[in-house]
Amino acid sequence: MNISSNKKQLSLTVGITTCYGDISILETVKSVRESKGVDKFDFIIIADRVPISHEIKKGLKKHGVHLIENKTEAGQVEKQRQIRSLAKTDIVIFTQDDVLLDPNTLAIVLKGFAQNPKTTMISIPYKSVMSTNFFENIVNVGTNIVNRAAKNWNNGDNYLASIGRFMAFRANMLKRFRMPPVAISDNYYYFENKKMEGKFEYIKDALVYFRNPQNMAEHMRKSSRFQHSQKEMEKYFGNLSKEYKKPKTTLIRAAVEEFVENPFYTTLYFFVFAYTRILRMKPKKVLNPIWEVDISTKKIS
């Protein structure tokens, strides 16, 4: 894909929120800074809970990151509101402290905004890095099925396609968002953009890499939070039954395609899927804006 352009590029701020404070965040920062085909851009990290060490601060300074450490712990969206208030650019991207960007992702996303002036929010597929244990192999199947379904449902314009690991916005639209302290921010941003009559775009050519949970306890928290998404979102957007009604043919097709490619782990995934539905955690346990950290997802290389 040709991502070069003679026109002046849209200005960009990349923002990360973190409460973990581990050296692994430098892997994420390095991958973002190594993006190809983009002009100089602003980079902001808002941190709390775990103090950032001197070693990490040196690494962040080397990569031109503006670090802010909050004394009071807050949820992800509250920290993203800080990033929004600091950003002085055309485009704002929210990502996380445990991802790696494909080198061309930022350029592709900026080109998407430049070519489609009405687009106000862009999301992209997410791909798991090479797994390091058996359970992770199983959970990766779920990621693959969701990616397939998101791509084929309504041409990618659906809440499944909005992922918290990478969300890009026109700053003038983001400034209109209410941004309450929700737990499931990726779904919230999708519906808020729609409420504000924005245009959502799912760009299939870009990628963000991450690691799935490596144990059932962490996966159960994530799965339960996802299962209670509609409950939380309807507090802000009213009845969303139609938005959450996933086409059965699309889901079946996605599952069959994944089974053909990976029959062993797909079979096991169906058991894990059933287990997380039967024993899902209660909303009050998982719909907390201040998440418990999934430590096994932080080592991404």
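The values are calculated or read from the model by the stated rules, or taken from the named source; none is laboratory data. Computed from a predicted model, the values in this text were never measured in an experiment. Glycine also receives a Cβ, built like all others from the backbone with ideal geometry; neighbour counts cover every protein chain displayed.
Worth a mention:
- In the range 193-242, residue nearest to residue 118 (Cα to Cα) [restricted to those that are touching a residue at least 12 places away in the same chain (Cβ under 8 Å) and among the small types (Gly, Ala, Ser)]: 198
- Taken together, the criteria exclude residue 226 from residues that are exposed (fewer than 15 other Cβ atoms within 10 Å of the Cβ), in a helix (DSSP H, G or I) and touching a helix residue (DSSP H, G or I) at 6+ places or on another chain (Cβ under 9 Å).
- Residue selected from the range 26-60 under the condition more than 20 Å from residue 168 (Cβ to Cβ) and in contact with a Leu (Cβ under 8 Å, 6 or more places away or on another chain), by the criterion surrounded by the fewest Cβ atoms within 10 Å (Cβ to Cβ): 57
- The one condition in (1) surrounded by fewer than 18 Cβ atoms within 10 Å (Cβ to Cβ); (2) in contact with a Leu (Cβ under 7 Å, 6 or more places away or on another chain) that residue 233 fails to fulfil: (1)
- The range 276-294, subset in contact (Cβ under 8 Å) with a residue 40 or more places away in the chain and part of a helix (DSSP H, G or I), residue surrounded by the fewest Cβ atoms within 10 Å (Cβ to Cβ): 277
- Qualifying helices (runs of 4 or more DSSP H) (wholly inside the range 1-117; at least 1 residues being in contact (Cβ under 8 Å) with a residue 40 or more places away in the chain, among the small types (Gly, Ala, Ser) and on the phi > 0 side of the Ramachandran plot): none
- Looking across the range 229-247 at every residue that is closer than 24 Å to residue 148 by Cβ and in a helix (DSSP H, G or I), the one that is nearest to the chain's Cα centre (by Cα) is identified as 229.
- Within the range 24-64, tally of residues that are modelled with pLDDT of 95 or more and over 23 Å from residue 81 (Cβ atoms): 22
- Residues (surrounded by fewer than 21 Cβ atoms within 10 Å (Cβ to Cβ), small (Gly, Ala, Ser) and touching a helix residue (DSSP H, G or I) at 6+ places or on another chain (Cβ under 7 Å)) located in the range 165-192: 183
- Complete set of residues in the range 118-145 that are small (Gly, Ala, Ser) and part of a loop (DSSP other than H, G, I, E, B): 131
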